[in-house]
Amino acid sequence: MRRLSRLPALSKRTALRTLPALALCTATHSAWAQAADASSVQIYGLLDAFVGSMKRSDEPGRTKLLGSGGMTTAYWGVRGSESLGGGLQAQFALESFFQTDSGTFGRNSTDPYFSRNAWVGLAGGFGQLSLGRQTNPMFVASGAFNPFGVSLQFSPVMLHTWQPTYNRAVLGDSVWSNAIQYTSPTFAGLRASLLYGMGEVQDREGIRNLNLALNYAAGPFAAVVSVQQAKTGPGFTATIGRQDAALIGASYDFKAVQLYGQLQRTRTPDIRTTADTAQLGAAVPVGAGRFLASVARTERKVTGSPGTQRTTWALGYDHFLSKRTDLYAVYMRDRLTGFSGSGSVGVGMRHRF
């Protein structure tokens, strides 16, 4: 018999020590499988709104706003599982992004209704096999190995990597449609995943996306390697048909401070462009909150043209009022070659249900 249930609540201590993984829990299939009951349906989500004053280095003017998704893009979802016997489960997830400030569904007007995830699959001792629209493991990795998580407003490395207005390094979306994913069981702290996104272009089977990721976790140490080749999705045009990307990341929790680092490289041969991104960050637990600090630098080189450098750093504080509700404040500074530096600031609230 299926039942409707709420996600398991985290203790305040666990919530503090697992950020930013808290924002990623429904994007990673292993965490999803652990949270699912033998046979259940769950409704869950997250709301995030902030008041801010925002300006990029290359932006002509400043924008004061009440925005959505300061630390995590708002979403809601339904997921379920059915025990099929012998350790085998049928599973599904339907998740939709939305904008807290306006109530609009999707991150933008081009998003489908279930823009965050829409998949069905089987899980067992062999691991998990899932079919449908699924989160890109490289997006998960870049969010997990920086103290600001998956924030597309205030995380320096996420802005450099995924935000179009910051001339994102990685093309294609953070979620891939028409995708098949296999995730292995965990062996001695190691877990692998392979994601294949079909382009569904007639007579052009080579138009597809492919990602391979290897995750490792043991006690206070965690690391990831993620490589991909993408040929379809946002950012690809008639003149840009392929991009190769690689990411390595690591973190270590010393209890008094948790350190994060990652390196990325993208190569877009059609426009003879290479981008190298490095990020360092730290999170310091203080009482019911954490002080956050991160800096990212991207060097973009175009054959035959002068290169550009972008450096962005952010300082913030995230304070938990309860197991599911937190308040945050962030100051960010951005500088792009040929432009003067500019600052952005935001204060917001996040609630999980």
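The values are calculated or read from the model by the stated rules, or taken from the named source; none is laboratory data. No experiment lies behind these values; they were computed from the predicted model shown. All Cβ positions, glycine included, derive from the backbone under ideal geometry; neighbour counts span all protein chains shown.
Residue-wise test of (1) at negative phi; (2) in contact (Cβ under 8 Å) with a residue 40 or more places away in the chain; (3) in a strand (DSSP E or B).
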| position | (1), (2), (3) |
| --- | --- |
| 70 | yes, yes, no |
| 78 | yes, no, yes |
| 90 | yes, no, yes |
| 93 | yes, yes, yes |
| 101 | yes, yes, no |
| 108 | yes, no, no |
| 115 | yes, yes, no |
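Look at (1) surrounded by fewer than 16 Cβ atoms within 10 Å (Cβ to Cβ); (2) over 20 Å from residue 48 (Cβ atoms) and you find that residue 335 fails only one, number (1).
Residues that are farther than 19 Å from residue 141 by Cα and of a type in the set (Ser, Thr, Tyr): does the stretch 252-266 have at least one? Within the stretch 252-266, none of the residues are farther than 19 Å from residue 141 by Cα and of a type in the set (Ser, Thr, Tyr).
Matching residues to (1) under 26 Å from residue 290 (Cβ atoms); (2) not small (Gly, Ala, Ser):
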{"position": "212", "(1), (2)": "no, yes"}
{"position": "222", "(1), (2)": "yes, no"}
{"position": "233", "(1), (2)": "no, no"}
{"position": "240", "(1), (2)": "no, yes"}
{"position": "243", "(1), (2)": "no, yes"}
{"position": "253", "(1), (2)": "yes, yes"}
{"position": "258", "(1), (2)": "yes, yes"}
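Tell me, please, whether a residue that is loosely packed, with under 15 Cβ neighbours inside 10 Å, more than 28 Å from residue 290 (Cα to Cα), in contact with a Ser or Thr (Cβ under 9 Å, 6 or more places away or on another chain) and of a type in the set (Asp, Glu) can be found in the stretch 188-201. Yes, the stretch 188-201 has at least one match. Got at least one residue in the stretch 237-258 being touching a strand residue (DSSP E or B) at 6+ places or on another chain (Cβ under 6 Å), polar (S, T, N, Q) and under 30 Å from residue 110 (Cβ atoms)? For the stretch 237-258, residues touching a strand residue (DSSP E or B) at 6+ places or on another chain (Cβ under 6 Å), polar (S, T, N, Q) and under 30 Å from residue 110 (Cβ atoms): present. Only one of the listed residues (322, 340) is of a type in the set (S, T, N, Q), more than 25 Å from residue 165 (Cα to Cα) and outside any strand (DSSP E or B). That residue is 322.
Please tell me if residue 184 is on the phi < 0 side of the Ramachandran plot, touching a Ser or Thr at 6+ places or on another chain (Cβ under 8 Å) and surrounded by fewer than 22 Cβ atoms within 10 Å (Cβ to Cβ). Even if it seems obvious, please write down each step before you answer.
On the way: on the phi < 0 side of the Ramachandran plot: yes; touching a Ser or Thr at 6+ places or on another chain (Cβ under 8 Å): yes; surrounded by fewer than 22 Cβ atoms within 10 Å (Cβ to Cβ): yes.
Judged against the criteria, residue 184 is a match.
Inspection of the stretch 229-237 finds a residue satisfying the criterion of being at pLDDT 95 or above and either surrounded by fewer than 17 Cβ atoms within 10 Å (Cβ to Cβ) or closer than 16 Å to residue 134 by Cα (or both). Annotation: residue 315 fulfils all but one of (1) part of a strand (DSSP E or B); (2) out of contact with any Gly (no Cβ under 9 Å at 6 or more places or on another chain); (3) over 16 Å from residue 152 (Cα atoms); the unmet one is (3). Using the structure shown, decide if residue 185 is farther than 26 Å from residue 110 by Cα, outside any strand (DSSP E or B), in contact (Cβ under 8 Å) with a residue 24 or more places away in the chain and of a type outside the set (Ser, Thr, Tyr). Yes: the conditions hold for residue 185. Scanning the stretch 151-164 for residues that are part of a strand (DSSP E or B) and surrounded by fewer than 24 Cβ atoms within 10 Å (Cβ to Cβ) turns up nothing. In the stretch 73-88, the qualifying residues are those that are within 20 Å of residue 111 (Cα to Cα) and among the aliphatic types (A, V, I, L, M), and the one that is surrounded by the fewest Cβ atoms within 10 Å (Cβ to Cβ) is 78. For the residues 275, 256, 293, the requirement of being in a loop (DSSP other than H, G, I, E, B) and either farther than 24 Å from residue 65 by Cα or of a type outside the set (Val, Ile, Thr) (or both) singles out 256. Restricting the stretch 263-278 to residues that are touching a helix residue (DSSP H, G or I) at 6+ places or on another chain (Cβ under 9 Å) and under 16 Å from residue 211 (Cβ atoms), the residue that is surrounded by the most Cβ atoms within 10 Å (Cβ to Cβ) is 264. Taken together, 214, 247, 210 contain a single residue that is aliphatic (A, V, I, L, M) and more than 18 Å from residue 145 (Cα to Cα), which is 210.
Would you pick out the residues in the stretch 100-146 that are among the hydroxyl-bearing types (Ser, Thr, Tyr), surrounded by fewer than 22 Cβ atoms within 10 Å (Cβ to Cβ) and under 25 Å from residue 223 (Cβ atoms)?
Here is the first cut: in the stretch 100-146, the ones among the hydroxyl-bearing types (Ser, Thr, Tyr) are 100, 102, 104, 109-110, 113, 115, 130, 135, 142.
Next, from what is left, pick out any that are surrounded by fewer than 22 Cβ atoms within 10 Å (Cβ to Cβ): 102, 104, 109-110, 113.
Result: no residue meets the conditions.
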